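Here is the structure we will look at.
Throughout, read-outs are computed from the coordinates displayed, never taken from laboratory work. No experiment lies behind these values; they were computed from the predicted model shown. All Cβ positions, glycine included, derive from the backbone under ideal geometry; neighbour counts span all protein chains shown.
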């Protein structure tokens, strides 16, 4: 059913259009009529018709103004301009508003019916297209919902795997995956479905290890298991091969590695030092160096490096022969303004104020 609104300031014209359309076109409903543009805007909001037959010259907002306002809220509504004014300017404005159909008063009954039927046909086509799109979107949403609901355990396992990998806990990773296999077996998941999920786990582990600097060979998952017992054995073999590299790296890290790292940073803080350079010095990945800092000192690499540079700057500020600019570059900064901001953030006063206080205190001592 196509809902139609008739808008014309002349009652006779509205009545005639209603009779012609109701008698000449099937499966339509005249849902309302308005005598001016303002009323048309109100009824469009209330009734939300599919089609509006709109006069142009009317009091209290003309037809083109009404179309413009209605289209802002309801862009799907179609229009047929009905006017006694056959002017280029009206036609041009109507085209700008997206109106494609124009009836000139007076029009023959056949012309009115033909024009309205043409617009109705277009409306139905567009409705069908929108319905198809909505149906496809609903199907996709249902699939997504089913995926998330059916694989909640898998997603939770992925999250836990990532966490345990970051902690370097190899045994926990293996236990998580073995528990997931048991879960799938208990709930009757197919072998092939479980294998596909396990393959994703293995690829995820490989990707994470590569990103943190652990060199591993590309894992091979044969996917030949025909039952869950075989699948567990096959998965265990693959995991042991992959996670062996992580275990090896953990074993290489000596208890004194953090002290070695700190010593290197302290001695080289005046240089263009970064996380990659520091990591290379102790033969670890940047990820592991960052992890070490958080675990051992509760801070990060950049904060520790900055702290070293500020300490050196405080020492140099006691030398009256060194300018602030010289100190900036000698401690490892590249911009005096930035150095001053960092210093003040660290010490609560500017380098200049610190220097003044330092000299004042030492003069008192002398």
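Annotations for the structure displayed:
- Pairwise centroid distance, computed over Cα atoms, of the stretch 56-77 with the stretch 222-243, Å: 68 Å
- Rounded, prolate or oblate (a/c below 1.5 giving rounded, otherwise prolate when a/b exceeds b/c) for the stretch 257-365 by Cα gyration tensor: prolate
- Whole-Å distance, taken between Cα centres, linking the stretch 297-365 and the stretch 89-130: 77 Å
- Here the sum of -39500 (n - 2.57) over DSSP H runs of 4 or more residues, divided by the residues of the chain, equals -22000 deg cm²/dmol at 222 nm, to the nearest 500.
- Simple spin-label estimate for residue 337 and residue 138 in nanometres, 7 Å along Cα-Cβ: 6.0 nm
- Simple spin-label estimate for residue 122 and residue 72 in nanometres, 7 Å along Cα-Cβ: 2.4 nm
- Projecting label points 7 angstrom from Cα along Cα→Cβ for residue 18 and residue 346 puts them 8.4 nm apart.
- A Förster radius of 56 Å, combined with the Cβ-Cβ distance separating residue 353 from residue 166, puts the computed FRET efficiency at roughly 0.85.
- FRET efficiency for residue 61 and residue 311, using Cβ-Cβ distance with R0 set to 51 Å, rounded to 0.05: 0.10
- The slack between residue 42 and residue 84, meaning 0.36 nm per residue of separation minus the straight C-alpha distance, is 12.7 nm.
- Exposure proxy ranking, count of Cβ atoms within 10 Å, fewest first, for 233, 344: 233, 344
- For the chain, diffusion coefficient by Stokes-Einstein and Kirkwood Rh (Cα), 4 °C, 1.567 mPa s, µm²/s: 45 µm²/s
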